[in-house]
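The block underneath contains the structure these notes are about, expressed in structure tokens.
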Amino acid sequence: NLQIISSLLNLQSRKVKDPNVSEALKDGRNRVKAMALIHQKLYMKENYGKVDLKDYLEGVCENLFQSYSDSDEIELKFDIHALQLNLDRSIFLGLIVNEVVTNALKYAFLQRKNGWIMISLYEKNENIELTVKDNGIGMPNDFNINDPEKFGLQLVKTFVKKLNGALNVQVKNGTTIHIVFPNITSIENKEDEAC
């Protein structure tokens, strides 16, 4: 069903003449694809309860790079450790990565066509840390993460809150988005064993 919705949004975006509406439909389609991908990955394996984050997040990013045809000169780098989360938390994480990488592809390289985006994910001190860094032009001088005008950044803040996480943005030689949230896998496992 999510694939059908994605296809419908794709068809609709081709018929729209307003570039802003077309861009909004494209962003919506990519969000739906990020959610559809996770279900596809789960159905392909026996353990439906846990999501392999490395495989999933790499798939989300590769889909975005295909979606933005002018991203050929931008290098995509990964440093994602082998981690697993439950479905709900994985979807939030995937949508965060979707939004941050989309923003980088749309805005970070406006003045040049080449550059790189690096996604790293690892566990540290019972937390999971996600960093998305680019070497683009950075954020505008008046940018305020606490009052984002862009819908995508509002979504990022909402999803970080859902993960009980903390969000930090640094603008230096590009933009770095750093998110830390508790890894409750051990708690989830104890609950699973009790059932």
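Quick note: the coordinates plus some simple rules give every number you see, no bench work behind them. The structure displayed is predicted, hence computed values, not measured ones.
Numerical summary
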{"quantity": "Karplus (6.51, -1.76, 1.60) ³J(HN,Hα), θ = phi - 60°, over region 100-117, in Hz, Gly and Pro reported as x", "calculated": "5, 5, 4, 4, 5, 5, 7, 10, 6, 10, 5, 8, 7, 9, 10, x, 8, 10"}
{"quantity": "Sequence-distant residues sharing a close amide H with L83 (under 5 Å, placed H)", "calculated": "L53, K54"}
{"quantity": "Ellipsoid equivalent to region 61-136 - semi-axes via the Cα gyration tensor, in Å", "calculated": "25, 13, 10"}
{"quantity": "Spherically averaged projected area of region 68-182 from its Cα convex hull (nm²)", "calculated": "7.4"}
{"quantity": "Pairs beyond 19 Å (Cα-Cα), from K77/K133; K77/K106; K124/K157; K77/K162; K133/K157", "calculated": "K124/K157; K77/K162"}
